[in-house]
Amino acid sequence: MTRRKIAPALTLAAPLLLLPVPAAHAAPVPAASLPSVSPAPQSLTGVGADAEVTGRVLVIADAQTDTAARDRLVRELKAHGADRVDTVAPGTATAPGLLTVRLGPATRPDVTRALGDTVVPDKAEGYAVRVSGGDPRQIALGGRDAAGQFYAVQTLRQLFVRSGKAWKVAGVQVSDFPSMPLRGTIEGFYGAPWTHAERLDQMDFHGDVKANTYVYAPKDDPYHRDRWREPYPADKLAELGELVARATANHVRFTFALSPGTSICYADPADRAALKGKLQALYDLGARAFSIPLDDISYTRWNCAADEAAYGQAGRTAAAKAQVDLLNDVQRTFIAGREGARPLQMVPTEYGDLTDTTYKQTMRAWLDPAIEVMWTGIETVPPEITNAQAEQAAELFGRKVFVWDNYPVNDYGNTSGRLLLAPYDKREGGLAAYLSGIVANPMNQPYASKVAVFGAADFTWNDRAYDARKSWPRAMAYLAGGDKAATEALLVFGDLEHLAPTFGGTPWQPQAPELAARVAAFWQAWDGGRRTEAIAALRPYAKAIAAAPAVIRSGSVQRGFAEDAASWLDATALWGRAMTATLDALQARQAGDEARATTLLAESRDLQRQARAIRVSPPRNRWGAAQPQVGDGVLDVFLTRAAQARVAG
């Protein structure tokens, strides 16, 4: 649209917005003492003693237990101290002293009893968790549906806490459900599509963060757009089938998008048959969700004479009539007639404004109410999305809109040379009242995209409790596998890649806000005559910048992230060394050693030259082998000013 590994329990504790649930057996535990869980649950409270993970654990499950949830539960228990996990049926006698975990539908009698007064929300994907560390030592995980069971386990994996050399599960009760029905990503960028292995990894990541939607819509897949009529080759179809299966195992709706707008003849029965045949091929692989994007096309001309005869002279109104005719046909004759198929999704040609045109009026009046309409916000890359804007968009299209959020996508000119690692932000709490969901359009770099997608999943699950300042470090901790040093290195690096541009005007997130604040403090102290203090305060952060790339590459951080960010990491190490050399030069100048200061400043200039000479490789983006931008406008400006600073005067 813009043409423009399993992580262990996270150790970064941050207070959540907690909604109280009554606990009959114990007083609530202060929120600050509880593990942090992402996405933030609707309600999480402490209810008593933690439950020790015993060497042998019993898992009570039956045929109604979600297989993916059970398998993940067993893996997590074994990763956190259980040498043996036995899965047994309800009604099996439990052994005294052993941890017992009951997993299944919330309506299963033994799960219901173990949950006690913990409320299971009567909502799709809702679940409840209760951890009891007393007698009996047990955990109950009940889901309103299979996805709810799976999400209960995803919450449980974040509740493990170290106790000496052993593990415990925090004594809590959780009552939770998503605020928005649709949450995830749309691979909808221009440039090199993700590889098959990268997409498979993304499905596992989506499962971890409770994202349930992945829309397959890479612009540069020829069979998605330019050659949409042609069947996929057998090898590509096999890959898509494997991707559908991996998505399903993670309770992710693989959504197949077909974008025919550049060449379709809306009135031609043969084109409609070709489109439905392409959708059928994916349905046969197990896909149950489909999208027809009609973005980035012209409605001032037809692709065939038949369309002018059927719908009138090309223009807004005629284009809307043709599109509605096609979309309603697909919804009513393809979607409605296939078991398990989800409502059709579409992207209108007018996707990024709030002007009530004849195009939108036609859509509002005649488009089947079951069809989901996507909208990007008031601009293609919106600096914010507010409740008022979303409410107006819902009115314009006659239904809740489904947001295609063009962040952190970096396929347009103003993102040249950039990784977009700022948090997901500037989306207003309360949007769930007007949206059916949000999917983030990620970068060509899939692992680096996880920073923003983690936040988007957090926001869409519980938009009113979302806090970007808390979610961002948790995203970094996820990428770092919970390693504290690696998390801190990612935060330093992410600050240098914080700028979030739009198509024009002021960026909606600033570059390097942490570094900028430290530099401002430096100059305040320097200009106030506290020059030794200024150097001493800034030097540790300069060293952290220089060291961050090596820490990120040391093994704790997901390898794919280091590969995505390789050119930026190379440049960051050089910029960090240049900053350190410049501060050393200032210190030498303070000591009256101008010769050493001159040598160090020359070293800094050479390091800066080396950094500027780096080019992104391999160039996955359409902007090609660009210079990686690192803290630009902050770090480079500081080095220039510092090189000119004098001790006296």
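Throughout, read-outs are computed from the coordinates displayed, never taken from laboratory work. None of these values were measured; they are calculated from a predicted model. Cβ atoms come from the backbone with ideal geometry, glycine included; neighbour counts cover every protein chain shown.
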Calculate, in nm to one decimal, what Thr248 and Ala49 gain on full extension: separation in residues at 0.36 nm each, minus their alpha carbon distance.
-> 68.1 nm
Electrostatic dipole magnitude of the stretch 475-596 [Cβ: Lys, Arg +1; Asp, Glu -1; Cα centre; debye, to 20] = 260 debye
When DSSP assigns beta bridges and you keep just the ones with both residues in the chain, what percent turn out antiparallel, to the nearest 5?
-> 35 percent
Would you mind calculating the relative contact order of the stretch 108-260 from Cα pairs under 8 angstrom and at least 6 residues apart, reporting the percent as a whole number?
-> 19 percent
Which GluC sites (Glu not before Pro) in the stretch 296-402 pass both tests, a DSSP loop state and at most 12 other beta-carbon atoms within 10 Å?
-> Glu339
Does anything in the stretch 370-392 have its amide N under 13 Å from the 7 Å Cα→Cβ label point of Thr355, and if so which residues?
-> 379
In this structure, the FRET efficiency calculated for Glu428 and Ala613 from their beta-carbon separation, with R0 = 51 Å, to the nearest 0.05, is 0.75
Determine, from the Cβ-Cβ distance of Gln627 and His196 and an R0 of 41 Å, the FRET efficiency 1/(1 + (r/R0)^6), rounded to the nearest 0.05.
-> 0.85
Compute the length gained on full extension between Asp135 and Ala336: take 0.36 nm times their separation in residues and subtract their Cα-Cα distance, giving the result in nm to one decimal.
-> 67.2 nm
With an 8 Å cut-off on Cα pairs and a minimum separation of 6 or more residues, tell me the relative contact order of the stretch 31-176 in percent.
-> 33 percent
What is the distance, in nm, between label points placed 7 Å from the Cα along the Cα-to-Cβ direction at Arg301 and at Asp527?
-> 5.7 nm
The stretch 182-479: radius of gyration over Cα atoms, expressed as a fraction of 2.2 N^0.38 Å | 0.96
Neighbour-limited loop hits for trypsin sites (Lys or Arg not before Pro), the stretch 119-171 (at most 13 other Cβ within 10 Å; DSSP other than H, G, I, E, B) = Lys165
Given a cut-off of under 8 Å on Cα pairs at least six residues apart, what relative contact order in percent is computed for the stretch 182-479?
-> 18 percent
